[in-house]
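Scroll down for the structure; my scribbles are underneath it.
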Amino acid sequence: MPFALSTQDGPPRRLDGRAGTTRTYLSREEWLKALEGSGLRVEVDLPRAGDPLAALSQRLLVATR
């Protein structure tokens, strides 16, 4: 949860794609780029576009080497 990721001095310093932003989470595209850039192959990426669960902004990503 975002509230559990803040400190008394404010949000932690970001060193990834969120650097310079106030975002807590990586976007789907950032996750895919990070996983593939680490040599992993994304096998599962859910929910699919148009699925009612997509409105919840939560994803399941499964990657293998």
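Quick notes
- Sorting 59, 18, 41 on solvent-accessible area from highest to lowest, probe radius 1.4 Å, gives 41, 59, 18.
- Largest accessible area first, the residues 57, 38, 27 order themselves as 57, 38, 27 under a 1.4 Å probe with ligands, DNA and RNA left out.
- A 1.4 Å probe, protein heavy atoms only, puts the accessible area of residue 36 near 110 Å².
- Charge context of residue 26, other residues only, Cβ under 11 angstrom, K/R +1, D/E -1: +3
- Contour minus Cα-Cα distance for residue 55 and residue 26 (0.36 nm per residue): 8.8 nm
- Neighbour net charge for residue 14 - beta-carbon separation under 13 angstrom, K R +1, D E -1: +1
The values are calculated or read from the model by the stated rules, or taken from the named source; none is laboratory data. These figures come from a predicted structure and were not determined experimentally. Cβ sites come from the backbone with ideal geometry, for glycine too, and all protein chains shown count toward neighbours. Heads up: the accessible areas ignore ligands, DNA and RNA and are worked out on the full protein's heavy atoms, side chains in. Shrake-Rupley method; radii C 1.70, N 1.55, O 1.52, S 1.80 Å.
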